[in-house]
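As C-alpha coordinates, the structure follows; a few thoughts come after it.
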Amino acid sequence: MRLLLVEDEKKVADFIARGLRAEWFAVDVAGDAKTCWKLASAVDYELVILDLRLPDFDGTELLRRLRRQGRRAPVLVLTACDSTQEKVENLEAGADDYLTKPFVFAELLARIKALLRRPVESRSDVLRVADLEVDRVKKQVHRAGRRIELTAKEYALLEYLAAHPGQMMSRTLIIEHVWDASFEGITNIVDVYVRHLRAKMDDPFQCKLIRSLRGVGYCLTDETAP
Ligand code: CA
(Lines give C-alpha, C1' and ligand atoms only; values in the text may rest on other atoms or scores of the structure.)
Protein backbone atom coordinates (compact mmCIF):
# COMPACT_ATOMS: atom_id res chain seq x y z
CA MET A 1 0.00 0.00 0.00
CA ARG A 2 1.56 3.25 -1.14
CA LEU A 3 0.34 6.49 0.40
CA LEU A 4 1.01 10.13 -0.37
CA LEU A 5 1.36 12.52 2.53
CA VAL A 6 1.03 16.20 1.67
CA GLU A 7 2.18 18.24 4.66
CA ASP A 8 4.49 21.25 4.78
CA GLU A 9 5.30 21.20 8.50
CA LYS A 10 8.33 18.96 8.58
CA LYS A 11 7.86 17.85 12.17
CA VAL A 12 4.27 16.77 11.59
CA ALA A 13 5.17 15.10 8.30
CA ASP A 14 8.03 13.15 9.90
CA PHE A 15 5.82 12.06 12.77
CA ILE A 16 3.04 10.78 10.50
CA ALA A 17 5.39 9.17 7.97
CA ARG A 18 7.34 7.36 10.68
CA GLY A 19 4.15 6.04 12.26
CA LEU A 20 2.74 4.85 8.94
CA ARG A 21 5.98 3.18 7.85
CA ALA A 22 5.99 1.31 11.14
CA GLU A 23 2.59 -0.01 10.01
CA TRP A 24 4.18 -1.26 6.78
CA PHE A 25 2.82 1.44 4.52
CA ALA A 26 5.04 2.95 1.85
CA VAL A 27 4.84 6.72 2.29
CA ASP A 28 5.89 9.48 -0.10
CA VAL A 29 5.96 12.96 1.40
CA ALA A 30 5.21 16.16 -0.51
CA GLY A 31 5.95 19.44 1.27
CA ASP A 32 3.97 21.60 -1.13
CA ALA A 33 1.19 21.48 -3.70
CA LYS A 34 3.58 21.48 -6.64
CA THR A 35 5.33 18.32 -5.45
CA CYS A 36 1.99 16.72 -4.62
CA TRP A 37 0.73 17.39 -8.14
CA LYS A 38 3.88 15.97 -9.69
CA LEU A 39 3.82 12.81 -7.57
CA ALA A 40 0.06 12.23 -7.86
CA SER A 41 0.30 12.54 -11.65
CA ALA A 42 3.02 9.89 -11.79
CA VAL A 43 1.96 7.40 -9.12
CA ASP A 44 -1.39 5.73 -8.57
CA TYR A 45 -1.56 6.09 -4.78
CA GLU A 46 -3.91 4.02 -2.67
CA LEU A 47 -4.62 6.96 -0.39
CA VAL A 48 -3.70 10.62 0.01
CA ILE A 49 -3.38 12.49 3.30
CA LEU A 50 -3.74 16.17 2.53
CA ASP A 51 -2.99 19.10 4.78
CA LEU A 52 -5.13 22.05 3.70
CA ARG A 53 -2.72 24.86 4.55
CA LEU A 54 0.11 24.60 2.06
CA PRO A 55 2.69 27.28 1.33
CA ASP A 56 2.10 27.49 -2.42
CA PHE A 57 -1.55 26.64 -3.05
CA ASP A 58 -4.95 26.21 -1.42
CA GLY A 59 -5.43 22.57 -0.35
CA THR A 60 -9.14 22.49 -1.19
CA GLU A 61 -8.53 23.76 -4.71
CA LEU A 62 -5.71 21.24 -5.11
CA LEU A 63 -8.12 18.48 -4.09
CA ARG A 64 -10.69 19.71 -6.61
CA ARG A 65 -8.08 19.62 -9.38
CA LEU A 66 -6.90 16.13 -8.44
CA ARG A 67 -10.49 14.88 -8.68
CA ARG A 68 -10.99 16.64 -12.01
CA GLN A 69 -7.83 14.87 -13.23
CA GLY A 70 -9.60 11.60 -12.44
CA ARG A 71 -7.53 10.80 -9.32
CA ARG A 72 -9.77 8.44 -7.41
CA ALA A 73 -7.67 7.53 -4.37
CA PRO A 74 -9.42 8.26 -1.08
CA VAL A 75 -8.32 11.58 0.39
CA LEU A 76 -8.12 12.24 4.11
CA VAL A 77 -7.94 15.94 4.82
CA LEU A 78 -5.96 17.37 7.73
CA THR A 79 -6.68 20.81 9.04
CA ALA A 80 -6.22 23.04 12.04
CA CYS A 81 -9.65 24.53 11.51
CA ASP A 82 -12.75 22.89 12.95
CA SER A 83 -15.47 24.77 11.09
CA THR A 84 -18.43 22.92 9.66
CA GLN A 85 -18.38 25.10 6.57
CA GLU A 86 -14.81 24.06 5.78
CA LYS A 87 -15.65 20.40 6.33
CA VAL A 88 -18.60 20.60 3.98
CA GLU A 89 -16.57 22.46 1.37
CA ASN A 90 -13.83 19.84 1.42
CA LEU A 91 -16.17 16.88 1.38
CA GLU A 92 -17.83 18.45 -1.65
CA ALA A 93 -14.44 19.01 -3.26
CA GLY A 94 -13.85 15.24 -3.05
CA ALA A 95 -12.46 14.51 0.42
CA ASP A 96 -13.45 11.16 1.89
CA ASP A 97 -12.68 11.92 5.50
CA TYR A 98 -11.54 14.69 7.77
CA LEU A 99 -9.27 14.98 10.78
CA THR A 100 -8.69 18.11 12.87
CA LYS A 101 -5.23 18.92 14.22
CA PRO A 102 -3.98 18.13 16.78
CA PHE A 103 -4.91 14.47 16.51
CA VAL A 104 -3.79 11.23 18.05
CA PHE A 105 -1.89 8.97 15.63
CA ALA A 106 -4.09 5.99 16.51
CA GLU A 107 -7.13 7.85 15.19
CA LEU A 108 -5.39 8.80 11.96
CA LEU A 109 -4.37 5.18 11.46
CA ALA A 110 -7.88 3.90 12.20
CA ARG A 111 -9.37 6.33 9.68
CA ILE A 112 -6.84 5.38 7.00
CA LYS A 113 -7.58 1.71 7.50
CA ALA A 114 -11.33 2.36 7.30
CA LEU A 115 -10.90 4.29 4.04
CA LEU A 116 -8.77 1.55 2.53
CA ARG A 117 -11.43 -1.02 3.32
CA ARG A 118 -13.94 0.69 1.03
CA PRO A 119 -14.15 -0.90 -2.37
CA VAL A 120 -12.71 1.33 -5.06
CA GLU A 121 -15.66 1.10 -7.40
CA SER A 122 -18.06 2.51 -4.85
CA ARG A 123 -15.88 5.58 -4.44
CA SER A 124 -15.66 6.82 -7.97
CA ASP A 125 -17.95 9.65 -8.99
CA VAL A 126 -18.52 8.42 -12.52
CA LEU A 127 -19.18 4.77 -13.23
CA ARG A 128 -18.51 3.56 -16.76
CA VAL A 129 -19.66 0.41 -18.49
CA ALA A 130 -18.95 0.40 -22.22
CA ASP A 131 -20.41 3.67 -23.54
CA LEU A 132 -22.64 4.12 -20.50
CA GLU A 133 -21.74 6.78 -17.94
CA VAL A 134 -23.40 7.09 -14.55
CA ASP A 135 -22.50 10.32 -12.75
CA ARG A 136 -23.13 9.71 -9.08
CA VAL A 137 -22.70 13.34 -8.10
CA LYS A 138 -25.10 14.84 -10.63
CA LYS A 139 -27.26 11.69 -10.71
CA GLN A 140 -27.15 11.81 -14.48
CA VAL A 141 -26.86 9.05 -17.01
CA HIS A 142 -25.44 9.27 -20.52
CA ARG A 143 -25.07 6.63 -23.14
CA ALA A 144 -22.90 7.26 -26.20
CA GLY A 145 -22.96 10.91 -25.13
CA ARG A 146 -26.74 11.04 -25.13
CA ARG A 147 -28.53 12.01 -21.91
CA ILE A 148 -30.94 9.40 -20.59
CA GLU A 149 -33.72 10.59 -18.29
CA LEU A 150 -34.48 8.17 -15.47
CA THR A 151 -36.76 8.21 -12.45
CA ALA A 152 -35.14 8.06 -9.00
CA LYS A 153 -35.65 4.30 -8.62
CA GLU A 154 -34.56 3.51 -12.16
CA TYR A 155 -31.44 5.52 -11.51
CA ALA A 156 -30.74 3.79 -8.19
CA LEU A 157 -31.11 0.38 -9.83
CA LEU A 158 -28.81 1.29 -12.70
CA GLU A 159 -26.22 2.80 -10.34
CA TYR A 160 -26.21 -0.36 -8.26
CA LEU A 161 -25.67 -2.58 -11.31
CA ALA A 162 -23.04 -0.21 -12.73
CA ALA A 163 -21.10 -0.30 -9.45
CA HIS A 164 -20.76 -4.08 -9.88
CA PRO A 165 -20.12 -4.55 -13.59
CA GLY A 166 -20.02 -8.12 -14.79
CA GLN A 167 -21.49 -9.46 -11.55
CA MET A 168 -24.82 -11.21 -11.59
CA MET A 169 -26.93 -9.56 -8.88
CA SER A 170 -29.88 -11.45 -7.47
CA ARG A 171 -33.32 -9.88 -7.19
CA THR A 172 -33.08 -10.14 -3.40
CA LEU A 173 -29.74 -8.33 -3.33
CA ILE A 174 -31.05 -5.65 -5.67
CA ILE A 175 -34.14 -5.07 -3.54
CA GLU A 176 -31.99 -4.86 -0.41
CA HIS A 177 -29.81 -2.16 -1.91
CA VAL A 178 -32.16 -0.21 -4.11
CA TRP A 179 -35.34 -0.34 -2.11
CA ASP A 180 -35.03 -0.58 1.66
CA ALA A 181 -35.83 -2.78 4.61
CA SER A 182 -39.39 -1.48 4.74
CA PHE A 183 -40.11 -2.74 1.23
CA GLU A 184 -42.73 -5.48 1.31
CA GLY A 185 -43.67 -5.65 -2.31
CA ILE A 186 -43.23 -8.53 -4.66
CA THR A 187 -39.81 -9.45 -6.01
CA ASN A 188 -41.07 -8.90 -9.52
CA ILE A 189 -40.70 -5.16 -8.86
CA VAL A 190 -37.09 -5.65 -10.00
CA ASP A 191 -38.19 -7.15 -13.29
CA VAL A 192 -40.60 -4.28 -13.82
CA TYR A 193 -37.88 -1.69 -13.25
CA VAL A 194 -35.34 -3.55 -15.36
CA ARG A 195 -37.92 -3.47 -18.17
CA HIS A 196 -38.23 0.32 -17.80
CA LEU A 197 -34.45 0.68 -17.77
CA ARG A 198 -33.99 -1.46 -20.84
CA ALA A 199 -36.54 0.57 -22.75
CA LYS A 200 -34.60 3.73 -21.99
CA MET A 201 -30.95 2.73 -22.05
CA ASP A 202 -30.69 -0.50 -24.03
CA ASP A 203 -33.44 -0.72 -26.62
CA PRO A 204 -32.36 2.39 -28.57
CA PHE A 205 -28.80 1.04 -28.84
CA GLN A 206 -27.35 -1.86 -30.74
CA CYS A 207 -25.23 -3.22 -27.90
CA LYS A 208 -27.34 -4.38 -24.94
CA LEU A 209 -25.74 -3.88 -21.56
CA ILE A 210 -28.30 -5.40 -19.20
CA ARG A 211 -28.10 -9.17 -19.13
CA SER A 212 -30.48 -11.44 -17.29
CA LEU A 213 -30.10 -14.97 -16.08
CA ARG A 214 -33.43 -16.67 -15.62
CA GLY A 215 -34.16 -17.34 -11.97
CA VAL A 216 -30.96 -15.65 -10.84
CA GLY A 217 -30.91 -11.95 -11.49
CA TYR A 218 -29.39 -9.18 -13.53
CA CYS A 219 -26.00 -7.94 -14.53
CA LEU A 220 -24.61 -4.97 -16.39
CA THR A 221 -21.85 -5.89 -18.78
CA ASP A 222 -20.48 -5.03 -22.19
CA GLU A 223 -19.34 -8.56 -22.87
CA THR A 224 -21.30 -10.33 -25.54
CA ALA A 225 -23.45 -13.22 -24.40
CA PRO A 226 -21.78 -16.64 -24.49
CA1 CA B 1 0.30 23.28 6.75
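Compute the Cα gyration tensor for the range 138-181, then decide on rounded, prolate or oblate, letting a ≥ b ≥ c be the square roots of its eigenvalues: rounded whenever a/c is under 1.5, prolate when a/b is larger than b/c in the other cases, and oblate in all that remain. Could you put the intermediate results ahead of the total?
Values: a/c = 3.12, a/b = 1.57, b/c = 1.99.
Oblate is the answer for the range 138-181, as a/c is 1.5 or above yet b/c matches or exceeds a/b.
Rounded to the nearest 0.05, what FRET efficiency do Leu39 and Ala199 give with R0 = 45 Å and r taken as the Cβ-Cβ distance? Could you check?
Computed FRET efficiency for Leu39 and Ala199 comes out at 0.45.
Please state the relative contact order of the chain as a whole percent: Cα pairs under 8 Å, 6+ residues apart?
After rounding, I find 12 percent.
Given Cα pairs under 8 Å that are at least 6 residues apart, what percent is the relative contact order of the range 2-116?
Across the range 2-116, relative contact order equals 24 percent.
For a 19 Å ceiling on Cα separation, which of these pairs sit above it: Lys139/Lys200; Lys34/Lys101; Lys11/Lys101; Lys38/Lys113; Lys139/Lys208?
Violating the 19 Å Cα-Cα cut-off are Lys34/Lys101; Lys38/Lys113; Lys139/Lys208.
Suppose R0 equals 22 Å. What FRET efficiency, 1/(1 + (r/R0)^6) with r the Cβ-Cβ distance, do Lys87 and Phe57 give to the nearest 0.05? List each step's numbers first, then the result.
Working: r = 20 Å, r/R0 = 0.90.
E(calc), rounded to 0.05, equals 0.65.
Pulled fully out, how much extra length does the chain show between Gln69 and Glu176, if you take 0.36 nm times their separation in residues and subtract their Cα-Cα distance?
Details: separation 107, 0.36 × 107 = 38.52 nm, distance 3.37 nm.
Between Gln69 and Glu176, full extension yields 35.1 nm more.
What is the magnitude of the charge dipole of the chain about its Cα centre, with +1 placed on the Cβ of each Lys and Arg, -1 on the Cβ of each Asp and Glu, and no other charges, expressed in debye to the nearest 20?
Roughly 500 debye for the chain.
So how far apart, in nm, are the two label points at Phe15 and Leu116 if each is 7 Å from Cα heading toward Cβ?
2.1 nm
Hey, rough spin-label estimate for Ala144 and Trp24, points 7 angstrom out along Cα→Cβ, what's it come to in nanometres?
Using points 7 Å along Cα→Cβ, the separation is 4.9 nm.
What's the longest uninterrupted piece of the chain once you rule out the chymotrypsin sites (Phe, Trp or Tyr not before Pro) that are loop residues per DSSP with at most 13 other Cβ within 10 Å?
104-182
Could you tell me which of rounded, prolate or oblate describes the chain, using a ≥ b ≥ c as the square roots of the eigenvalues of the alpha-carbon gyration tensor, with rounded for a/c under 1.5 and, failing that, prolate when a/b is larger than b/c and oblate otherwise?
Because a/c hits 1.5 or more and a/b exceeds b/c, the chain counts as prolate.
Considering only Ala163, Gly19, Thr79, whose Cα is most displaced toward the positive end of the charge dipole of the chain, charges sitting on Cβ of Lys, Arg (+1) and Asp, Glu (-1)?
Checked the options; the winner is Ala163.
Given 0.36 nm per residue, what is the gain on full extension from Asn188 to Arg136 after removing their alpha carbon distance, in nm? Spell out each step's value before the answer.
Values: separation 52, 0.36 × 52 = 18.72 nm, distance 2.59 nm.
Full-extension gain reported as 16.1 nm.
Could you give me the ³J(HN,Hα) list for the range 66-77, computed from phi with Karplus coefficients 6.51, -1.76, 1.60 and θ = phi - 60°, whole Hz, x at Gly and Pro?
Working through the residues one at a time gives 4, 5, 5, 6, x, 6, 10, 4, x, 10, 9, 8 Hz.
Pairing the Cα long axis of helix 152-162 with the longest principal axis of the chain, what angle in degrees results, from 0 to 90 and rounded to the nearest 10?
Roughly 70 degrees, rounded to the nearest 10.
Whole number in Å², please: accessible area per residue of the chain, 1.4 Å probe, ligands, DNA and RNA not counted.
For the chain, the per-residue accessible area is 56 Å².
Within the accessible area of the range 2-116, what % is carbon and sulfur when the probe is 1.4 Å and the other protein chains stay in place? Walk me through the intermediate numbers first.
On the way: 3120 of 5920 Å².
Solvent-exposed carbon and sulfur of the range 2-116 make up 53 percent of the total.
Working from Cα positions, state the angle (0 to 90°, nearest 10) between the long axis of helix 105-117 and the longest principal axis of the chain.
20 degrees
The values are calculated or read from the model by the stated rules, or taken from the named source; none is laboratory data. All values reported here derive from a predicted model rather than from experimental measurement. Every residue, glycine as well, gets a Cβ built from its backbone with ideal geometry; the counts of neighbours run over all protein chains shown. When the accessible area is computed, the model is the full protein with side chains, heavy atoms only, and any ligands, DNA or RNA have been set aside. Shrake-Rupley method; radii C 1.70, N 1.55, O 1.52, S 1.80 Å.
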